[in-house]
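Here is the structure we will look at.
The values are calculated or read from the model by the stated rules, or taken from the named source; none is laboratory data. Please read all numbers here as calculations on a predicted model, not as lab measurements. Neighbour counts run over all protein chains shown; Cβ positions are idealised from the backbone, glycine included.
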Amino acid sequence: VGHTIESTVLALESIAATDNIAKNLGIEAGETIYYVKRIRYIDGKILCLEESYYRQSIVPYLNREIVEQSIFEYLETALQLNIGFSDMYMHVGKLSAESARHLGLTEGDPGLTIETVFHLTNGRPFDYSVITYHYEHSQFVVQANGLYL
């Protein structure tokens, strides 16, 4: 809260879903989806590299102006979508050369990558995102309900 979030769009295009993307979005491989690649900034510092894939049957239109801002705000206000929950898979590892270049870091630096599948309140997945965070500019809060595995 109270932070300035900005984006630089690196790619916005319609592509055919690969097997992995299709599996995560609950669609057939080859179906046309939106691909968005952008660098997100927090208070002027690089926060993360984001690659997102949106089901066009649910998100029928995206343009550069929309993806430079908050995509979810657009989905909720303009498209009246009810965003429900997400499944997150976290991986810690060393940055690839490409990720490091976009994050302004060095290949092999530590990185936290979170793969997330976002669902509408009716359970339909609409967004599969792979986000790699800059280890010096990010922090996370995880709330728990007291149940432990």
From the options Val59, Val92, residue that is exposed (fewer than 13 other Cβ atoms within 10 Å of the Cβ), of a type in the set (Val, Ile, Thr) and over 14 Å from the mean Cα position of the chain (by Cα): Val92
Restricting to segment 1-19, and then to whatever is out of contact with any strand residue (DSSP E or B) (no Cβ under 6 Å at 6 or more places or on another chain) and surrounded by 12 or more Cβ atoms within 10 Å (Cβ to Cβ), can you tell me which residue is nearest to Ser86 (Cα to Cα)? Thr18
Filtering segment 101-149 down to residues that are at positive phi and touching a Leu at 6+ places or on another chain (Cβ under 7 Å) yields Gly108
I'd like to check something: does segment 12-20 contain any residue that is part of a loop (DSSP other than H, G, I, E, B) and modelled with pLDDT of 95 or more? yes
Taking the criterion of being within 17 Å of Ile114 (Cα to Cα) and modelled with pLDDT under 95, would at least one residue in segment 63-85 satisfy it? yes
Among the candidates Ile33, Ile46, Ile42, Ile27, single out the residue that is modelled with pLDDT under 95 and surrounded by 13 or more Cβ atoms within 10 Å (Cβ to Cβ). Ile42
Arg124 - would you say it is modelled with pLDDT of 95 or more and either under 16 Å from Ile39 (Cα atoms) or of a type in the set (S, T, N, Q) (or both)? no
From Ser70, Ser52, Ser86, residue being closer than 30 Å to Gly108 by Cβ, in contact (Cβ under 8 Å) with a residue 60 or more places away in the chain and not hydrophobic (A, V, I, L, M, F, W, C): Ser52
Which residues, counting only those in segment 24-40, are closer than 19 Å to Asp87 by Cβ and of a type in the set (Gly, Ala, Ser)? Gly26
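So, in segment 21-34, how many residues would count as being without any contact (Cβ under 8 Å) to a residue 40 or more places away in the chain and assigned to a loop (DSSP other than H, G, I, E, B)?
Our first condition is that a residue be without any contact (Cβ under 8 Å) to a residue 40 or more places away in the chain; within segment 21-34, this holds for 22-23, 27-34.
The next check asks that each one be assigned to a loop (DSSP other than H, G, I, E, B); those that pass are 27-31.
Total meeting the criteria: 5.
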Within segment 102-112, identify whether any single residue is within 15 Å of Arg55 (Cβ to Cβ), under 14 Å from the mean Cα position of the chain (by Cα) and either buried (at least 18 other Cβ atoms within 10 Å of the Cβ) or of a type outside the set (Lys, Arg) (or both), and answer yes or no. no
